[in-house]
1. Which one is right for this structure if P(r) over Cα pairs in 5 Å bins from 0, in percent is calculated from it: [x] 1, 7, 15, 19, 21, 17, 12, 6, 2, 0; [y] 1, 6, 12, 15, 18, 17, 15, 9, 4, 2, 1, 0; [z] 1, 5, 10, 10, 10, 9, 8, 8, 7, 7, 6, 5, 4, 4, 3, 2, 1, 0, 0, 0?
2. What FRET efficiency would be calculated for the residue pair THR69, GLU15, taking the C-beta separation as r and a Förster radius of 25 Å, to the nearest 0.05?
3. Given THR72, ALA19, TYR59, which one lies farthest toward the positive end of the charge dipole of segment 6-75, if we put +1 on the Cβ of every Lys and Arg and -1 on the Cβ of every Asp and Glu?
4. Less than 15 Å Cβ to Cβ from ASP221, Lys/Arg counted +1 and Asp/Glu -1: what total charge do the surrounding residues give?
5. Charges at C-beta only: +1 for Lys and Arg, -1 for Asp and Glu. How large is the resulting dipole of the chain about its Cα centre, in Debye rounded to 20?
6. Taking a cut-off of 16 Å between Cα atoms, list the aspartates and glutamates near LYS193, but don't count ones fewer than 8 places away on the same chain.
7. Please list the non-local residues whose amide H lies under 5 Å from the amide H of LYS74, H modeled 1.01 Å from N, same-chain partners needing a gap of 5 or more.
8. For segment 50-57, take each phi angle, set θ = phi - 60°, evaluate the Karplus expression 6.51 cos²θ - 1.76 cosθ + 1.60, and give the result in whole Hz per residue in order, putting x for glycine and proline.
Amino acid sequence: GSETWVLIHVEVQGEPEEAFAERMYTYQYRLRDRYGVDVVSLAVLADTRDSFRPTTFRYQRWGCELTFTFPTAKLIDWEARWAELEASTNVFALVVMAQIHAKRLKDGATRKDVKVALIRLLYERGYSRDQVVQLFIIIDWLLQLPSALEPAFVQAVYAIQEEKHMPYVNTIERVEREKERQEGRLEGQLEAKRETARNLIKLGVLSDEQIAEATGLVIADVQALRVEDKH
């Protein structure tokens, strides 16, 4: 019947680390010392080394002994229960699937295919729009693709949206923004070349062919700039 405060410390570990258990203990005692309340430490092991399963930090000397244990969840253990993940409506099921795929799959084309499959599951589970948006961002971040495969992924997302009547534009917007940035950079480089050509034209020493060779512009552009300069 009384109020109790508990701090929950969750450590997500992406790669095996020899001193991980000791670090978990360090965080535990520092949190307890700082706040003076019970601390529950939990570890999510997101690596793919089956033997990395730390659960205990222990030391003893001269009759002084300490044992600290903490629960862990090993994500790759869910590979043997993949059908459960696919059937689960828990939002974290998709996150676990995306993380395992991200660790296991290195081939770009395969990553694209499984990413599309996860997005399809995302749209089929009846989540709210906010949940869809947040989960899409996580999946998109975990399963990054080579830039050459992004257009195919975007088209697949469009197809899923049309099929499910659930428009979603996060990744499409990101791709379009990147395209605009690239176009902006190219336009900036082109304008710099034109400005250099204008300055060379004003010197009145080089021919159009020489200016074109020096700036990387085509001769027609140099000729157009020369006409522009006369006006």
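1. Here the calculated entry is [z].
2. Once rounded, the FRET efficiency stands at 0.70.
3. TYR59
4. Counting the neighbours of ASP221, the net charge comes to -4.
5. I would put it at about 400 debye.
6. Result set, ordered by chain and number: GLU183, ASP208, GLU209, GLU213, ASP221, GLU228, ASP229.
7. Amide H to amide H, under 5 Å and 5 or more residues apart or across chains, LYS74 pairs with LEU45.
8. Computed from phi, the couplings for segment 50-57 are 4, 7, 7, 9, x, 9, 9, 10 Hz.
No value in this document is a laboratory result; all are computed from the given coordinates. Everything numeric here is computed off the predicted structure, so don't read it as measured data. Using ideal geometry, Cβ is built from the backbone for each residue, glycine included, and neighbour counts are taken over all protein chains shown.
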